[in-house]
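For reference, the structure is listed below as structure tokens.
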Amino acid sequence: MSSASNHTPPSGLAAWLTSETPHSRGHAKCVQLYLGWLSLARNPLAMLGLAIVLILIAAALLAPWIAPYDPISQDLHRRLLPPGTDGNLLGTDELGRDILSRLLYGSRITLYVVALVVVTAPVAGLIVGTVAGYAGGWLDVVLMRLTDIFLAFPRLVLALAFVAALGPGIENAVLAIALTSWPPYARIARAETLTIRNSDFISAIRLQGATAPRIVIGHVMPLCLSSVIVRVTLDMAGIILTAAGLGFLGLGAQPPQPEWGAMISTGRMFILDQWWVAAMPGLAIFTVSLGFNLLGDGLRDALDPRAGR
């Protein structure tokens with residue numbers, strides 16, 4: 001009796017989301033997403049990463065309401081106050097600006113960079129990779145050699161070259177990061193496409209008269225998405241570090257914008273005596289990068305079709 005009661009089959013919405021016989025394509029997608037969420041939720045490190053990412057998003061959205069001070073307001077009488085002094089939880093910088101407020105507003109710039117890169121670089125890489133893998137022949141050779149050229153340069157060095165040519169600024173920094181981030185996604189999408197294009201279901205779709213663009217967009221790209229999503233999440237740390245590196249060199253967001261890399265750049269002059277000026281934005285970059293890495297590892301396990309549920 002007790003054993004049976006402990007293993008009561010799910011009912012209602014839970015039964016619908018765990019059904020082994022979906023009634024439609026949309027139902028099957030919901031079941032797949034729910035099972036993926038259950039797999040992700042069983043990973044405590046992935047949930048920690050998700051919590052960090054959600055805190056970043058919340059901080060960026062709520063910065064005007066939760067920041068205790070104006071992030072660009074200067075008060076030289078309050079310069080270089082240590083953490084916890086006179087209402088400044090994380091201290092002040094060399095111009096008397098509250099570091100916590102600048103970190104909260106800086107999260108908006110970080111999220112802005114991440115969001116713009118995510119909607120450009122992976123999309124471009126997915127298109128290039130699937131087209132190259134499905135078409136083959138000379139088009140595959142040309143697209144992959146172009147990809148190899150971009151991969152031959154370190155990302156930060158290539159981004160520096162683009163920003164130097166385009167000029168400093170957050171928009172140019174985002175464009176430079178996007179232009180240097182798409183090749184790995186193209187490689188992943190091409191590899192997935194090569195394993196898919198000769199599948200029986202692709203042959204059946206081709207026999208029904210479907211054109212190559214329809215096959216690529218409607219069938220090949222969706223099957224490559226899971227691998228690309230995992231790679232995007234794992235690449236977020238590198239994107240944040242590249243943006244911070246450009247800001248550190250003065251090529252990203254320009255003063256007085258509270259960009260984390262630029263905050264470290266100005267704080268390095270006080271690193272021995274007023275350590276918090278550089279340490280606090282450095283800790284923010286470390287925490288957010290760790291969060292994206294943990295979430296990416298969890299998504300890789302959850303979206304891996306070869307992993308057992």
> Do you know which residues across region 1-13 are in contact with a helix residue (DSSP H, G or I) (Cβ under 9 Å, 6 or more places away or on another chain) and at pLDDT 70 or above?
Replying inline: none
> If you check every pair at least six apart or on different chains, which have Cβ atoms under 8 Å apart with a residue in region 227-244 that is farther than 12 Å from residue 53 by Cβ first and a residue that is surrounded by 22 or more Cβ atoms within 10 Å (Cβ to Cβ) and aromatic (Phe, Trp, Tyr) second?
Replying inline: 228/185; 231/185; 232/185; 234/292; 244/260
> What pairs can you find where one residue is in region 173-202 and over 23 Å from residue 213 (Cβ atoms) and in contact (Cβ under 8 Å) with a residue 24 or more places away in the chain, the other is of a type in the set (Ser, Thr, Tyr) and surrounded by 22 or more Cβ atoms within 10 Å (Cβ to Cβ), and their Cβ atoms are less than 9 Å apart, with a gap of 6+ or different chains?
Replying inline: 173/242; 176/242; 177/242; 180/242; 181/242
> residue 252 is checked against (1) over 30 Å from residue 46 (Cβ atoms); (2) small (Gly, Ala, Ser); (3) touching a Gly at 6+ places or on another chain (Cβ under 9 Å) and fails just one. What number does that condition carry?
Replying inline: (1)
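Identify, from the list 263, 221, the residue that is more than 24 Å from residue 296 (Cα to Cα), of a type outside the set (D, E, K, R), in a helix (DSSP H, G or I) and in contact (Cβ under 8 Å) with a residue 24 or more places away in the chain.
On the way: 221 fails: more than 24 Å from residue 296 (Cα to Cα).
Only one candidate passes the filter, namely 263.
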>> Looking at region 53-82 only, could you name the residues that are surrounded by fewer than 18 Cβ atoms within 10 Å (Cβ to Cβ), part of a helix (DSSP H, G or I) and of a type in the set (A, V, I, L, M)?
In response: 54, 55, 57, 58, 61, 62, 66, 76
> If you take just the helices (runs of 4 or more DSSP H) that sit entirely in region 107-200, which of them hold at least 1 residues that are surrounded by fewer than 18 Cβ atoms within 10 Å (Cβ to Cβ), out of contact with any Pro (no Cβ under 7 Å at 6 or more places or on another chain) and of a type in the set (Asp, Glu)?
Replying inline: 137-151, 170-196
>> Given (1) buried (at least 18 other Cβ atoms within 10 Å of the Cβ); (2) more than 19 Å from the chain's Cα centre (by Cα), identify the lone condition not met by residue 273.
In response: (1)
>> Looking only at region 227-256, count every residue that is touching a helix residue (DSSP H, G or I) at 6+ places or on another chain (Cβ under 6 Å), under 27 Å from residue 268 (Cβ atoms) and assigned to a helix (DSSP H, G or I) and tell me the total.
In response: 11
>> Exactly one condition in (1) out of contact with any helix residue (DSSP H, G or I) (no Cβ under 6 Å at 6 or more places or on another chain); (2) assigned to a loop (DSSP other than H, G, I, E, B); (3) aliphatic (A, V, I, L, M) is false for residue 90; which is it?
In response: (1)
>> Take the residues in region 276-295 that are buried (at least 21 other Cβ atoms within 10 Å of the Cβ) and under 12 Å from the mean Cα position of the chain (by Cα); name whichever of them is farthest from residue 115 (Cα to Cα).
In response: 294
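The values are calculated or read from the model by the stated rules, or taken from the named source; none is laboratory data. Fair warning: this is a prediction, and the values are worked out from it, not measured in the lab. Because the Cβ atoms are built from the backbone with ideal geometry, glycine has one as well, and the counts that use them run over all protein chains shown.
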